[in-house]
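The block underneath contains the structure these notes are about, expressed in structure tokens.
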Ligand SMILES: Cc1cc2nc3c(=O)[nH]c(=O)nc-3n(C[C@H](O)[C@H](O)[C@H](O)COP(=O)(O)OP(=O)(O)OC[C@H]3O[C@@H](n4cnc5c(N)ncnc54)[C@H](O)[C@@H]3O)c2cc1C
């Protein structure tokens, strides 16, 4: 990029807000989906809505495409620059702007880290319910873009259920306020449609977040099973008994081994599977539900049911669950986290399909996932230096998604389509469906200069990929 243009950007965000050095730029060449890489020409780091507006207006004038980025923890290549030379990062937009506990909301800049929100109101007994396992790093802007979930989605819902309003800078620099501080707004729900648009409508600069009361009490269990089917049957039986736990998470043997090696919380490394089940709510209601759950676990031949005795034990269990994907790094040089969803009664079928696919492609695949939601996360282990093995990972991933669709599920439970799954969109949508959705995008982003070549397959691929792009169909 020419120096005069860089100087114009630096005049807006300050010289330390523009990254143009090749080595520094390499940090931005992928997100958590590392199978495809592409380095931006420039990264711009504004601090305020005003700076975002000025940067975007300049890019609009010069007709330069750009890609928004939060913390880069995405798992579908959503912030990968594809024919978008400029990346707009929100890491310096990290201020909580306003807290109103009486009306139970907070206004936070897009780069505020998810966990900071709950931490800011914890001592007053409040929380922000969506808690992706990446919550120590991922940002509110990224959560809004992906409509992120997390372990407690089962009871509390996903990001869209907890974001009352968003401020969005459109690709021509206009600022729009969608939603507000109350639940019901007149007209079309443009807030709702922006949440989950994967950064293809514009840059979210701030969001109004719903705060809820922390539950009065918890019961958190680790339940150990000899086999995966015993664990999945328990999941179905708990829900069938009319109990909606706050969380119902599962890990198979491979993931138990990785987590135990990393955190030493006492997970039995010979177990076939463990469930982490959490109940929350009023203290008075929890013991009867606990009894019911214990009985269901016993009926399904649970080897052990460990009830966390205090907050420290509960925290240790959640720490190991939320860091489980990271712990997979102990098992292989690389891993690819898949994300699909099936009706929860089909969890045993999808796990059986994953086992078959693992066998067929001779790949080790661990499973750690939101079992109560039917949201699977197979972790495919590989070594990217082995290109033949990497190809097998791509094929196996596609087959897992096909199996999800065949079982009545879908391509993503929470990580989005990004670049990773564009080629599979036609498993669910007709060309007419996709055309209709791109027409919706065009209302916000008519020239498709904000995060182009995402979600919908196009004849264009990545600029600089390690693995050839899959054939596109639209
Ligand atoms: C270990 C691990 C565990 C995870 N666990 C979960 C989980 O439990 N639940 C879950 O849902 N996800 C999970 N994820 C995925 C990921 O953390 C989420 O998708 C998260 O919301 C991404 O946030 P981010 O700030 O890192 O966004 P990025 O990765 O930087 O970007 C993600 C997408 O959002 C867009 N974007 C970012 N900021 C903005 C903005 N301000 N305006 C417009 N668009 C923007 C980007 O263009 C991109 O398309 C996990 C990831 C990891 C690595």
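Bear in mind that the values in this text are calculations on the coordinates, not laboratory data. None of the values given here were measured: they were computed from a predicted structure. Note: ideal-geometry Cβ built from the backbone for every residue, glycine included; neighbour counts use all protein chains shown.
I need to check one value: relative contact order of the chain, counting alpha carbon pairs closer than 8 Å and at least 6 residues apart, in percent. Once normalised by length, the contact order is 17 percent. Taking the convex hull of the alpha carbon positions in the stretch 217-327 and averaging its projected area over all directions gives 6.2 nm².
Normalised size of the stretch 133-277, defined as Cα radius of gyration per 2.2 N^0.38 Å with N residues, equals 1.34. In the chain, what percentage of the DSSP-assigned beta bridges are antiparallel, given to the nearest 5? Roughly 90 percent of the DSSP beta bridges within the chain come out antiparallel.
Using Cβ contacts closer than 10 Å as the measure, can you line up 320, 426 from fewest to most? List each step's numbers first, then the result.
On the way: 320 25, 426 15.
The fewest-first ordering by Cβ neighbours comes to 426, 320.
Axis angle, to the nearest 10 degrees, between helix 3-13 and the longest C-alpha principal axis of the chain: 60 degrees.
Give the angle, between 0 and 90 degrees and rounded to the nearest 10, that separates the Cα long axis of helix 431-444 from the longest principal axis of the Cα atoms of the chain. The helix 431-444 is inclined about 60 degrees to the chain. Cα centroids of the stretch 313-386 and the stretch 34-97: 30 Å apart. The label-point distance for residue 184 and residue 315, in a model that sets each label 7 Å from Cα toward Cβ, rounds to 4.2 nm.
Cα-based values for the chain, radius of gyration first and Dmax second, are 22.3, 71 Å. Taking 0.692 mPa s as the viscosity and 37 °C as the temperature, the Stokes-Einstein diffusion coefficient of the stretch 267-409 based on its alpha-carbon Kirkwood radius rounds to 192 µm²/s.
When the helix-only estimate is applied to the chain (DSSP H runs of n ≥ 4, each -39,500 (n - 2.57), divided by the residue count), what is the mean residue ellipticity at 222 nm, nearest 500 deg cm²/dmol? So the calculated ellipticity at 222 nm is -10000 deg cm²/dmol. Based on C-alpha pairs under 8 angstrom that are at least 6 apart in sequence, the stretch 332-418 has a relative contact order of 42 percent. Principal-axis analysis of the Cα atoms of the chain puts helix 253-263 at an angle of about 70° to the longest axis. Over the stretch 217-327, Cα pairs under 8 Å with separation of 6+ residues give a relative contact order of 44 percent. The ranking of 361, 105 from fewest to most other beta carbons within 10 Å of each one's beta carbon is 361, 105. Working note: Debye formula, equal point scatterers on the alpha-carbon atoms of the stretch 332-418, no solvent; log10 I(q)/I(0) at q = 0.11, 0.16, 0.21 Å⁻¹ is -0.26, -0.55, -0.92. Counting other Cβ atoms within 10 Å as a rough exposure proxy, the listed residues 401, 42, 101 run 101, 42, 401 from fewest neighbours to most. For the pair residue 104 and residue 304 in one chain, pulling the backbone fully straight at 0.36 nm per residue adds 68.0 nm over the alpha carbon distance.
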